[in-house]
Amino acid sequence: MTQSGTVVRLLDDRTAEVAVRRSGACGESCASCTVCVSPSLFVKAQNGARALPGDVVELESQTGQTLGLAALVYLLPVVLLLGGLLIGPIAGAAGFALGIAAALLGNRRVALRGGAAVTIRRVMERR
């Protein structure tokens with residue numbers, strides 16, 4: 001999975017912090033584009049391309065890892081909610097709470113390991 005972003009700062013000689021615009025949150029072509037503010041996400045990326053602050057770069061993340069994290073955060077709570085509702089409303093609520101807890105623990109685990117693996121593939125524009 002590739003996406004573009006702007007290098008904000010260098011964390012060390014091999015790692016950079018990159019601002020990535022959340023384009024999925026905004027269609028970018030509607031009449032209320034000035035109202036819709038889509039904040040940037042800041043990701044830590046391996047800087048093998050030797051990008052500098054201000055450079056526009058192409059980022060790559062492992063698609064499988066990205067989809068797995070999305071499934072953990074979005075699908076697991078819903079699946080456990082629906083599975084629990086087959087038993088009863090209290091079990092549904094408990095299943096949803098268990099799914100949220102698992103998503104939070106998974107998110108913490110990924111954060112403690114340094115986040116999802118993101119790599120700067122190339123510098124698209126030097127600034």
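For region 25-41, does any single residue satisfy the condition of being modelled with pLDDT of 80 or more and either surrounded by 12 or more Cβ atoms within 10 Å (Cβ to Cβ) or not in a helix (DSSP H, G or I) (or both)? Spell out how you get there, then give the answer.
To start, the set of residues in region 25-41 that are modelled with pLDDT of 80 or more comprises 41.
Add one more test, that the residue is either surrounded by 12 or more Cβ atoms within 10 Å (Cβ to Cβ) or not in a helix (DSSP H, G or I) (or both), and what stays is 41.
Yes, the conditions are met somewhere in region 25-41.
Could you identify the single residue in 54, 95 that is open to solvent by less than 50 Å² (accessible area, probe 1.4 Å) and assigned to a helix (DSSP H, G or I)? Give the derivation first.
Numbers: 54 fails: assigned to a helix (DSSP H, G or I).
Of the residues listed, the single one that is open to solvent by less than 50 Å² (accessible area, probe 1.4 Å) and assigned to a helix (DSSP H, G or I) is 95.
Please find, within region 66-81, the residue that is surrounded by the fewest Cβ atoms within 10 Å (Cβ to Cβ) out of those that are under 23 Å from residue 43 (Cα atoms) and among the β-branched types (Val, Ile, Thr).
The residue in question is 66.
The values are calculated or read from the model by the stated rules, or taken from the named source; none is laboratory data. In this text, all values refer to a predicted model and were calculated from it rather than measured experimentally. No Cβ is skipped: glycine too gets one built from the backbone with ideal geometry, and neighbour counts run over all protein chains shown. Quick note on the areas: whole protein, heavy atoms, side chains included, nothing else; ligands and nucleic acids left out. Shrake-Rupley method; radii C 1.70, N 1.55, O 1.52, S 1.80 Å.
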